[in-house]
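Peer 1: First the structure, then my questions, so here it is.
The values are calculated or read from the model by the stated rules, or taken from the named source; none is laboratory data. Since the model is a prediction, treat every value here as computed from it, not as a measurement. Note: ideal-geometry Cβ built from the backbone for every residue, glycine included; neighbour counts use all protein chains shown.
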Amino acid sequence: MTIYHRQHQQDEVNVSTGFGQKARVLIFGTGAGGVNFYKYNRRRYRVIGFVDNNQQKQGQRLFGKLIHAPQQLSSLAFDKIIIASDYYREIHPQLTEKLAINEQKVEVFHGAQISSQLPWFQRIGKRLEQLGYERLCRKPGLISDLLYRLFFRRQDTRRLALRWLDESDEHKVHVFRPSQPGTSQPPRFLHQSTPAITLELPEIALYHFRQGQVCSVSRSVILPGGQLVLERVPTAKSLHADYSAAHLLYHGQRLALVRTGKPVELEKGLLISGCNEQNYYHWTVEVLSQLQFVAELPPQYADYPLLISKSSQNIPSIKALIEAIGVDRPLVLLENITSYQVADLLLISAPNNMIPNFKGPAQNSASSGFVRPESINFLREKALHLARDIPISELPKRVFLARKGFLRHYNQAEILKLLEPYGFTCVYMEEQDINHQVAIMANAEVIIGPTGAAWTNLIFASKNARALCWMAEEYAELSCFSNLAAIVGVEMDYIAYRVGSTDSRELYYRNYRVDAKSVENWLQQHLSKRLEKETR
């Protein structure tokens with residue numbers, strides 16, 4: 001098997017390093033992630049300090065612990081480094097490759113892990129807090145009004161009336177595409193019949209707001225007069241969808257809690273945004289697809305700049321895709337933790353959308369999201385040009401989408417051994433520039449790997465390619481990647497594994513084990529054993 005990068009295996013490091021002795025831990029990150037990890041784990045570990053790339057923080061103290069520069073790690077004695085930052089994808093290789101830290105000493109902490117690590121009384125406290133939010137946002141009334149006055153007197157938290165974007169016709173100024181019949185393809189698990197369902201693809205419309213307060217990672221607009229306009233997935237039947245992000249603390253069906261703060265003022269602009277600044281799928285399918293309609297804006301909006309997250313320029317693949325799309329407008333780059341008050345605001349409803357999280361157990365159905373063939377074909381056409389200069393002779397025919405040991409560790413080494421006789425090339429997509437990502441997928445005849453953002457590149461795959469993905473059975477009918485496969489004509493099968501949790505946030509990081517025998521059976525049924533050189 002050819003491997004584009006070395007195999008990554010990460011074993012769990014024990015909490016204690018000896019009898020009664022706590023592990024010495026450094027926390028990489030001094031933001032909310034680092035603070036939360038320290039608060040909820042300081043008794044579990046011996047925290048000896050923090051690490052941060054921000055030079056202004058280095059040498060200062062947090063919770064009495066010194067903040068070190070990464071370059072100082074070689075002179076420090078520690079058992080483990082916990083990465084508690086949203087930028088773990090950049091920090092992990094910084095530690096293991098540039099600074100040569102043993103990979104077994106590096107672990108990623110995800111914010112959703114907090115609940116499972118809390119003592120029972122703190123878990124009860126958090127549950128009561130959640131119930132309080134639900135009561136506050138259910139409907140106005142004597143009890144909820146009293147609770148609001150008791151617990152949210154702070155000036156930066158307000159309870160607002162909620163309006164769904166698709167019900168806000170008074171702000172609608174243009175329709176790019178009317179609603180139309182469509183389909184959604186549930187994942188096709190082995191030995192199951194899963195036909196596509198029919199649904200109504202919502203219209204794509206342009207909305208115009210005055211004095212709208214927005215963030216780069218929320219599809220919500222705070223308006224004067226105590227109102228919040230929030231975009232939802234209109235095809236979804238679940239009432240437990242959670243669109244909370246950035247300044248939106250919690251929402252019900254008609255009320256929402258928001259952090260107002262002091263926003264940065266902007267004159268005007270068209271907001272191009274999504275619910276996640278780090279996820280490749282959300283960026284590509286849900287955010288960049290909005291750019292298709294910039295060229296179709298009515299003439300009176302010709303001089304509006306694009307308001308977009310600064311991550312669009314910091315993530316090389318996203319920046320390259322934006323350039324490939326070729327939008328000829330100025331960009332105003334938004335900080336991800338900042339609110340902006342835009343005097344003259346435009347917003348395009350998402351051409352493709354998916355419920356980002358659920359309140360409680362995941363309840364994915366095939367109607368929990370939708371994808372337009374027109375959008376995918378638009379993105380595909382723009383991106384395929386990026387691969388035109390890459391020789392086909394350098395590209396593999398059978399691709400294994402390997403994962404580094406950041407989150408969702410599984411028995412990858414066992415699967416790799418199974419794939420060896422079949423001539424697969426092991427590819428770490430995050431290490432490839434977008435040109436090679438597009439080329440690899442366009443040339444592949446077979447693609448195999450665990451569910452994750454790398455499957456977004458199915459957009460560029462060739463018709464009649466075969467694919468095998470394994471995904472937690474608790475995700476149920478999560479159809480984001482099966483929809484892409486159906487649109488481009490890829491024959492995609494799924495294998496289910498069990499995690500033991502239905503929390504949509506917890507599923508994102510929990511370790512698991514995929515049934516190797518199911519993978520082997522699929523290989524034997526669909527592929528012949530060939531050496532790597534024969535697949536080129």
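Peer 1: Taking the conditions exactly as written (touching a residue at least 24 places away in the same chain (Cβ under 8 Å), touching a strand residue (DSSP E or B) at 6+ places or on another chain (Cβ under 6 Å) and surrounded by fewer than 18 Cβ atoms within 10 Å (Cβ to Cβ)), does Glu277 satisfy them or not?
Peer 2: It is false that Glu277 is touching a residue at least 24 places away in the same chain (Cβ under 8 Å), touching a strand residue (DSSP E or B) at 6+ places or on another chain (Cβ under 6 Å) and surrounded by fewer than 18 Cβ atoms within 10 Å (Cβ to Cβ).
Peer 1: Hey, another quick one. Can you give me the number of residues within the range 327-380 that are among the charged types (D, E, K, R) and either assigned by TED's automatic domain parsing to the domain that holds Ser311 or closer than 30 Å to Asp156 by Cα (or both)?
Peer 2: Adding up the residues that qualify gives 5.
Peer 1: Among the candidates Glu474, Glu431, Glu445, which residue alone is within 30 Å of Ala196 (Cβ to Cβ) and surrounded by fewer than 21 Cβ atoms within 10 Å (Cβ to Cβ)?
Peer 2: Going through Glu474, Glu431, Glu445 in turn, just one is within 30 Å of Ala196 (Cβ to Cβ) and surrounded by fewer than 21 Cβ atoms within 10 Å (Cβ to Cβ): Glu445.
Peer 1: Now, a different point. Is there any pair linking a residue in the range 386-397 that is in contact (Cβ under 8 Å) with a residue 12 or more places away in the chain to one that is not in a helix (DSSP H, G or I), with Cβ under 6 Å and at least six apart or on different chains, and which?
Peer 2: Note: pairs meeting the criteria are Pro396/Thr425; Lys397/Glu445.
Peer 1: I've got another one for you. Hey, can you tell me all the residues within the range 229-255 that are among the polar types (S, T, N, Q) and at pLDDT below 90?
Peer 2: Ser238 - this is the single residue of the range 229-255 that is among the polar types (S, T, N, Q) and at pLDDT below 90.
Peer 1: Ok, one more. Looking at the range 24-37 only, could you name the residues that are at pLDDT 90 or above and buried (at least 20 other Cβ atoms within 10 Å of the Cβ)?
Peer 2: Val25, Leu26, Ile27, Phe28, Gly29, Thr30
Peer 1: Now, a different point. Could you please give the count of residues in the range 134-192 that are of a type in the set (Val, Ile, Thr), over 30 Å from Met492 (Cα atoms) and at pLDDT 75 or above?
Peer 2: 3
Peer 1: Is at least one residue of the range 229-240 without any contact (Cβ under 8 Å) to a residue 24 or more places away in the chain, among the aliphatic types (A, V, I, L, M) and outside any loop (DSSP other than H, G, I, E, B)? Can you show your working first?
Peer 2: Filtering the range 229-240 for residues without any contact (Cβ under 8 Å) to a residue 24 or more places away in the chain gives 239.
If we keep only those that are among the aliphatic types (A, V, I, L, M) too, we end up with 239.
Filter once more, keeping what is outside any loop (DSSP other than H, G, I, E, B): none.
Within the range 229-240, not a single residue is without any contact (Cβ under 8 Å) to a residue 24 or more places away in the chain, among the aliphatic types (A, V, I, L, M) and outside any loop (DSSP other than H, G, I, E, B).
Peer 1: List the number of the failed condition for Val258; all other conditions in (1) in contact with a Lys or Arg (Cβ under 9 Å, 6 or more places away or on another chain); (2) not in a strand (DSSP E or B) hold.
Peer 2: If we test Val258 against (1) in contact with a Lys or Arg (Cβ under 9 Å, 6 or more places away or on another chain); (2) not in a strand (DSSP E or B), just (2) comes out false.
Peer 1: Can you tell me which of (1) within 19 Å of the chain's Cα centre (by Cα); (2) modelled with pLDDT under 95 is the one Gln437 doesn't meet?
Peer 2: Exception for Gln437: condition (2).
Matching residues to (1) of a type in the set (A, V, I, L, M, F, W, C); (2) at pLDDT below 90:
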residue	(1), (2)
Gln10	no, yes
Arg44	no, yes
Arg61	no, no
Gln71	no, no
Ile82	yes, no
Leu99	yes, no
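Peer 1: Could you please give the count of residues in the range 486-528 that are of a type in the set (S, T, N, Q) and within 19 Å of Ala413 (Cβ to Cβ)?
Peer 2: Count: 2.
Yes or no, residue by residue, for (1) buried (at least 22 other Cβ atoms within 10 Å of the Cβ); (2) over 30 Å from Ile83 (Cα atoms):
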residue: Pro305; (1), (2): no, yes
residue: Gly326; (1), (2): no, yes
residue: Pro330; (1), (2): no, yes
residue: Ile348; (1), (2): yes, yes
residue: Asn357; (1), (2): no, no
residue: Glu381; (1), (2): no, yes
residue: Leu384; (1), (2): no, yes
residue: Arg408; (1), (2): no, no
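Peer 1: Identify the residue in the range 349-401 that is aromatic (Phe, Trp, Tyr) and farther than 23 Å from Glu203 by Cβ and, among all such residues, is nearest to the chain's Cα centre (by Cα). It would help to see each step written out before you state the result.
Peer 2: Taking the range 349-401 and keeping what is aromatic (Phe, Trp, Tyr), we get 358, 370, 378, 400.
With farther than 23 Å from Glu203 by Cβ added as a condition, the list becomes 358, 400.
Numbers: Phe358: 14, Phe400: 21 Å.
Here the answer is Phe358.
Peer 1: Inside the range 394-497, counting only helices (runs of 4 or more DSSP H) that do not spill past its ends, which hold 1 or more residues that are under 17 Å from Tyr280 (Cβ atoms) and not assigned by TED's automatic domain parsing to the domain that holds Lys319? Steps first, please.
Peer 2: Details: elements: 412-419, 434-443, 480-488.
Per the criteria, 434-443, 480-488.
Peer 1: Hey, does the range 246-257 have a residue that's within 14 Å of Ala350 (Cβ to Cβ), of a type outside the set (S, T, N, Q), assigned by TED's automatic domain parsing to the domain that holds Tyr304 and buried (at least 22 other Cβ atoms within 10 Å of the Cβ)?
Peer 2: No: zero hits.
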